[in-house]
1. By a straight-distance test (C-alpha under 19 Å), which lysines pair with Lys30 as possible cross-link partners, with residues fewer than eight away in the same chain excluded?
2. May I ask for the angle, rounded to the nearest 10°, between helix 55-67 and the longest principal axis of the chain, with both axes built from Cα atoms and the value confined to 0 to 90°?
3. Helix-derived [θ] at 222 nm for the chain: sum -39500 (n - 2.57) over DSSP H runs of at least 4, divide by residue count, nearest 500?
4. Under the rule of at least 5 residues apart or a separate chain, name every residue whose amide H is placed under 5 Å from the amide H of Ile46.
5. Quick one: net charge around Pro131, please, counting Lys, Arg +1 and Asp, Glu -1 for every other residue with C-beta under 9 Å from its C-beta.
6. Along the stretch 188-205, what does the Karplus equation 6.51 cos²θ - 1.76 cosθ + 1.60 (θ = phi - 60°) give for ³J(HN,Hα), rounded to whole Hz, x for Gly and Pro?
7. Could you sort 6-13, 75-82 so that the peptide with the highest average Cβ count within 10 Å comes first and the rest follow in order?
8. At what distance in angstrom do the alpha carbon centres of the stretch 1-44 and the stretch 71-101 lie from each other?
Amino acid sequence: MPNLAAVYLTNFLRKRGHHTKYINLFQYEKDRLAEFLSEDPYCVAITTTFYFLNFPVSEMVEFIRRHNPKVKIVVGGPLIANHARNYQGDELKYALDDMAADIYVIEGQGEMALSQIVQCLKENGDLSRVPNIAYSENGSPRRTPPVLENSSLDENRIDWLDFNNENLGRTLQTRTARSCAFNCAFCNYPTRAGKLTLAGLDTLEEQDVVNHQRIDLVAAVVLRLLDHSLP
Ligand code: B12
Ligand code: SF4
């Protein structure tokens with residue numbers, strides 16, 4: 001099953017004209033990642049949706065640096081948002097430095113910041129103009145002003161057909177909402193993700209149609225294969 005944040009961010013960047021590739025599971029796709037790194041990309045973005053600790057990120061950063069010491073490494077998602085909520089000042093700096101990446105996106109969403117970072121790196125521009133990020137400049141920590149992102153779920157719906165060449169597996173997820181309608185006492189997700197936002201019915205219908213098209217494609221291939229194997 002594809003990691004939805006990885007596919008969503010890839011889709012978001014592609015829609016803005018950035019050539020983007022993704023890997024799904026670091027532990028199983030190291031060769032593929034090394035191959036992508038050999039193409040000298042401007043940056044690698046790491047999602048932290050499922051991480052509570054820095055360790056998995058540090059491991060990836062170390063691997064990426066070993067294969068391409070020049071590439072900029074951007075980390076965003078819940079782990080970074082959690083650090084920014086739990087720590088301030090030097091404590092936050094230590095928590096981020098511990099991962100040894102180059103740029104951290106501090107925003108419940110962050111896809112717009114990521115797109116701006118890529119554009120900035122392409123143009124050799126000034127990172128201080130990109131909101132919602134933390135990075136180091138000549139050894140000094142920098143943090144740009146927070147600006148609330150509000151990307152439309154409908155306009156940025158995933159174009160799954162654009163991912164047909166990837167090994168997507170047997171199950172696709174459909175993003176119907178951002179944040180959560182509930183407010184369980186132990187969970188910080190609704191606070192982190194902000195106001196509940198729902199995708200429109202048209203988007204859901206289109207995603208459903210696209211998913212069916214994929215099934216039809218698979219069915220067509222199977223039928224062709226059966227056709228060939230018949231005497
Ligand atoms: C689907 C899901 C699962 C599925 C995942 C299937 C799959 N292959 O993707 C399953 C059931 C396997 C799962 C498992 C776990 N899950 Co889960 N899961 C979710 C769920 C419902 C949706 C995640 C998702 O795909 N969202 C859609 C994507 C598009 O959004 P996103 O990931 O939030 O990313 C957005 C931003 O954060 C940002 N972003 C993310 N990464 C990056 C990176 C950069 C560089 C930038 C700029 C931005 C950015 O961009 C996205 C768009 O705005 C969330 C709750 C929720 N509603 O979000 C919990 C959630 C992510 N899961 C959670 C947890 C704890 C887990 C487990 C650790 C549980 C456990 N103890 O085993 C495991 C870990 C799995 C693993 N192997 O690592 C927590 C994470 C808490 C945290 N990190 O602080 C959440 C938030 C649930 C909760 N309320 O606590 N999960
Ligand atoms: S508040 Fe958190 S734990 Fe409760 S339903 Fe929503 S995401 Fe799940």
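Nothing in this text is a laboratory measurement; each read-out follows from the coordinates by a stated rule. The model shown is predicted, which means the values in this text are computed figures rather than measured ones. So basically every Cβ, Gly included, is an ideal-geometry build from the backbone, and we count neighbours across all protein chains shown.
1. Lys21, Lys70, Lys72
2. Tilt relative to the chain: about 80 degrees.
3. Estimated from H runs of four or more residues: -13000 deg cm²/dmol.
4. Val74, Val75, Gly76
5. Neighbourhood net charge equals -1.
6. Karplus-based 3J(HN,Hα) across the stretch 188-205 equals 9, 4, x, 5, 5, 8, x, 4, 4, 10, 9, 6, x, 5, 4, 5, 4, 4 Hz.
7. Answer by packing, highest mean first, reads 75-82, 6-13.
8. Comparing the Cα centres of the stretch 1-44 and the stretch 71-101, I get a distance of 21 Å.
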